[in-house]
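Engineer: Encoded as structure tokens, here's the structure I'll be asking about.
Derivation of every value follows stated rules applied to the coordinates shown; laboratory data play no part. All of these numbers come straight from a predicted model, not from anything done at the bench. Methodologically, a virtual Cβ is constructed for each residue, glycine included, from the backbone with ideal geometry; neighbour enumeration extends over all protein chains shown.
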Amino acid sequence: MYLVNQRKVVLQILMVLYVLLSYDGVQGEIKLSKVEDLELEKQLKLLNKPATKIIKTKYGDIYDCVDFYKQPAFDHPLLKNHDFHPKMKPTLARTRQNSNTSATNWSSSIWLKERGCPFGTVPIKRVIKDDLI
């Protein structure tokens, strides 16, 4: 019985040591070559559209208010030369007009001092290098 208990204790100690030694919690900075860095910058320019307004959330995320018709979804080949219905508007702008909706309360709660994006624009989370790495 004593050997069985001692064996369990040794196995538990080995398991704890394995977990502690295999933990990769501390991550160093990733070094990129100049070519890789330039490639990332090129991709960022393609992904991030020109913003009419920039909003920082209380959580530290950055959102760009992008013209509705220039949002990244419309970069898809099937939507490149698509004709939009004249009454097509961003849905957030419609919900914001009804002040009683919960969508309005939620969207205004994540922004800091700003009230969100102007009419005709949509919030798009800005892509940063760390997102691509």
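Engineer: Work out the FRET efficiency for ASP75 and LYS31 from their Cβ-Cβ distance, taking R0 = 25 Å, and round it to the nearest 0.05.
Structural biologist: E between ASP75 and LYS31, to the nearest 0.05, is 0.20.
Engineer: Kindly rank 6-16, 64-74 from highest to lowest mean number of other beta carbons found within 10 Å of each residue.
Structural biologist: Per-residue Cβ counts within 10 Å, averaged per peptide and sorted highest first, yield 64-74, 6-16.
Engineer: Taking a 26 Å limit on the Cα-Cα distance, which of the listed pairs LYS80/LYS125; LYS53/LYS129; LYS31/LYS58; LYS34/LYS80; LYS70/LYS129 fall beyond it?
Structural biologist: Table pairs above 26 Å Cα-Cα are LYS31/LYS58; LYS34/LYS80.
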